[in-house]
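The values are calculated or read from the model by the stated rules, or taken from the named source; none is laboratory data. Because the structure is a prediction, the values reported are computed rather than measured. Using ideal geometry, Cβ is built from the backbone for each residue, glycine included, and neighbour counts are taken over all protein chains shown. Heavy atoms of the whole protein, side chains included, go into the accessibility calculation; ligands, DNA and RNA do not. Shrake-Rupley method; radii C 1.70, N 1.55, O 1.52, S 1.80 Å.
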Amino acid sequence: MEKDSKTKEIFDMAMIEKTFTSYKQGQMFDGVVLIKRDDGFIFNIGGKNDAFLPKEEVNDFENIKIGDRFKVIITNSRNEEGMIEVSKDRADNLILATQNANKLKLGSKFSFVVSDVSKEGLYSKMGEFNIFVPYSQISNSTKDIYKCVGKQFEGIVTELDKENKSIIASIKILEDKIKETNELLFWNSIFINKIVRGKVVKNLTYGSIIDVGGVSCFIHISNLAYKHIENPSEILKEGEEYNFKVIEVDRENKKVNLSFKALQESPKLIAIKELHKGAIYKGIVIKILQFGAIVKLENGATGLLHIKNATESNNKNIYEIVKLDQKVEVEVLDKNEEEERVSFKLINILD
């Protein structure tokens, strides 16, 4: 009987040794605090050697006492003292992540960081759960999947096996749902004269494609600037965001036209702002109308010289008073900056 007891003791020690040598980084074990030091704890996780739990690997160091039990994760096979190093914080995080993964259901939205990629798709971990995103379910905007490593994505659960701790997810389905929602909000809120913020997607020879809340809009080159330009890139830079004014909405064909120059002061308005009511300016007649003439001043402002403000006679036509290209002096009777209108009174004909 004594012999059997010794044999069993030898067998048990061999099993303990075997267990100890199987310890690897990333493994999680239950354990108990044996000794508390200023720099950490001596922590038993089974086997004949104890582990060391550094102070910086414990979030609640001051509250932990000898005899406390909790889970730890192996972070280093040996330290300078020959003890396995472990972390309580990493174990706590792993446990919390696993709990969060267990709460997921089909259709649940969640975030993850890509840890590895292959031609089949993206891989990640959420606690003890393995996450896989098939290549066909990666974002449409992802051109090089190998640049995804280390980046955070949002996905939706399409398959869930809690027993085997496996999650299959889709980024594309979630993005499509978000895009659909954004488009619905866009078309319900868009209207002519609305000011929107958009990102320049691409400059073409005749205009630019602008992304407004996930919806592609268009701006013609003629609506970019008051001055003549050869290419939209003279005004807009690809990848940059600008404010635009909506000038046309076609809901049936899902088209929206924008204007950039509509948010800028026109040269005509700038010239009108320089004028003072009651002041006299020199100009030239540029157009004859049935009821008056259009006069352009030296600063570029144009306005109407009505027949009633050109003569006191009721029987004369405007062409009997002024002629096309004739230089005149006029007084500013009134100006409307909002409507960009100016009315003149004839003071003198200069030639």
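Scan segment 261-351 for trypsin sites (Lys or Arg not before Pro) in coil per DSSP, keeping those whose Cβ has at most 14 other Cβ atoms within 10 Å, and list them by number.
Values: sites: LYS261, LYS268, LYS273, LYS277, LYS282, LYS287, LYS296, LYS308, LYS316, LYS323, LYS327, LYS335, ARG341, LYS345; in loops: LYS277, LYS316, LYS323.
Passing sites in segment 261-351 are LYS277, LYS316, LYS323.
Could you work out the helix-only [θ] at 222 nm for the chain, with each DSSP H run of four or more residues adding -39,500 (n - 2.57) and the total divided by the number of residues, to the nearest 500 deg cm²/dmol?
Counting only the DSSP helices, I get -6000 deg cm²/dmol.
State the percentage of accessible surface on the chain attributable to carbon and sulfur atoms; use a 1.4 Å probe and exclude ligands, DNA and RNA.
Roughly 49 percent of what the probe reaches on the chain is carbon or sulfur.
Charges only on Cβ, +1 for Lys and Arg, -1 for Asp and Glu: so what's the dipole of the chain about the Cα centre, in debye to the nearest 20? Numbers along the way, then the final one.
Numbers: 52 positive and 54 negative charges, 179 e Å.
Magnitude of the dipole: close to 860 debye.
Sorted from largest down, give the three principal axis spans of the alpha carbons of segment 82-128, whole angstrom values.
Answer, in whole Å and largest first: 45, 29, 12 Å.
Where in segment 195-209 is the amide nitrogen less than 16 Å from a point lying 7 Å along the Cα-to-Cβ axis of GLU240?
197-204, 208-209
What percent do you get for the relative contact order of segment 158-249 when only Cα pairs under 8 Å and 6+ apart count?
29 percent.
Please get the size of the charge dipole for segment 201-249, origin at its Cα centre, with Cβ charges of +1 on Lys and Arg and -1 on Asp and Glu, quoted in debye to the nearest 20.
100
If the reach is capped at under 13 angstrom between alpha carbons, list the aspartates and glutamates near LYS296, excluding any in the same chain fewer than eight residues apart.
ASP325, GLU329, GLU331
I'd like to know which of ASN93, TYR319, VAL113 lies farthest towards the positive end of the charge dipole of the chain, counting +1 on Cβ of Lys and Arg and -1 on Cβ of Asp and Glu.
TYR319
Only Cα pairs under 8 Å and at least 6 apart count here; give the relative contact order of the chain as a rounded whole percent.
Result for the chain is 8 percent.
Of SER77, SER216, SER108, which is the most mobile in a GNM of the chain whose springs link Cα atoms less than 10 angstrom apart?
SER77
Put +1 on the Cβ of every Lys and Arg and -1 on every Asp and Glu Cβ in segment 214-323; which of ILE280, TYR242, ALA301 then has its Cα farthest towards the positive end of the dipole?
ILE280
Return the Rg/Rh ratio of segment 91-179 with Cα-based radii and a Kirkwood Rh.
Working: Rg = 12.4 Å, Rh = 13.0 Å.
Here Rg/Rh amounts to 0.95.
Which helices, counted as full DSSP H runs in the chain, have an axial Cα extent of no less than 20 Å and a Kyte-Doolittle average of -1.0 or above?
On the way: long enough: 2-21 (29 Å, -0.79); 88-103 (23 Å, -1.03); 171-189 (27 Å, -0.39).
Passing helices, by number: 2-21, 171-189.
Taking springs between alpha-carbon atoms closer than 10 angstrom, which of ILE131, ILE66, ILE156 fluctuates most in the Gaussian network model of the chain?
Top of the fluctuation ranking is ILE66.
Calculate, in nm to one decimal, what TYR319 and ASN299 gain on full extension: separation in residues at 0.36 nm each, minus their alpha carbon distance.
Net length gain for the segment: 4.8 nm.
Got the relative contact order for segment 240-351 handy, in percent, Cα pairs under 8 Å and 6 or more residues apart?
About 24 percent, as a whole number.
How large is ³J(HN,Hα) for each residue in segment 196-209, as worked out from phi by the Karplus curve 6.51 cos²θ - 1.76 cosθ + 1.60 (θ = phi - 60°), to whole Hz, x for Gly and Pro?
With the stated coefficients, segment 196-209 comes to 10, 9, x, 9, 6, 8, 7, 9, 10, 5, 10, x, 9, 8 Hz.
Build a GNM of the chain with springs between Cα atoms under 10 Å: which of ILE284, ILE195, ILE74 gets the top mean-square fluctuation?
ILE284
Pick out, from ASN231, GLY213, PRO267, the residue whose Cα sits farthest towards the positive end of the charge dipole of segment 203-275, with +1 on the Cβ of Lys and Arg and -1 on the Cβ of Asp and Glu.
Positive-most Cα among the choices belongs to PRO267.
Check each of the chymotrypsin sites (Phe, Trp or Tyr not before Pro) in segment 128-237 and keep only those in coil by DSSP with at most 16 other C-beta atoms within 10 angstrom; list them in order. Walk me through the numbers on the way to the answer.
On the way: sites: PHE129, PHE132, TYR135, TYR146, PHE153, PHE186, TRP187, PHE191, TYR206, PHE218, TYR226; in loops: PHE191, TYR206, TYR226.
Those satisfying the criteria are PHE191, TYR206, TYR226.
What residues qualify as long-range amide H neighbours of CYS217, i.e. H under 5 Å apart, gap of 5 or more or another chain, H built at 1.01 Å from N?
Hits under the 5 Å cutoff: ILE210, ASP211, VAL212.
Whose amide H sits under 5 Å from the amide H of ILE45, counting only residues 5 or more places off or on another chain, with H placed in the peptide plane?
ALA51
Give the cross-link partners of LYS255 among the lysines, using a straight C-alpha distance below 18 Å as the criterion and excluding same-chain residues fewer than 8 apart.
LYS179, LYS194, LYS199, LYS202, LYS245
Which option, (i) -0.60, -0.69, -1.08; (ii) -0.40, -0.51, -1.17; (iii) -0.70, -0.78, -1.15, is the value of log10 I(q)/I(0) by the Debye sum over Cα atoms at q = 0.08, 0.09, 0.14 Å⁻¹ that was calculated from these coordinates?
Recomputing log10 I(q)/I(0) by the Debye sum over Cα atoms at q = 0.08, 0.09, 0.14 Å⁻¹ here picks out (iii).
Would you check segment 68-126 for Lys pairs whose C-alpha atoms are within less than 22 Å, ignoring same-chain pairs closer than 8 in sequence, and give me the count? Before the final figure, lay out each step's value.
Numbers: LYS71/LYS88; LYS71/LYS103; LYS71/LYS125; LYS88/LYS125; LYS103/LYS125; LYS105/LYS125; LYS109/LYS125.
Going through segment 68-126 pair by pair, I get 7.
Leaving ligands, DNA and RNA out of it, rank GLU154, GLU340 by accessible area with a 1.4 Å probe, largest first.
GLU154, GLU340
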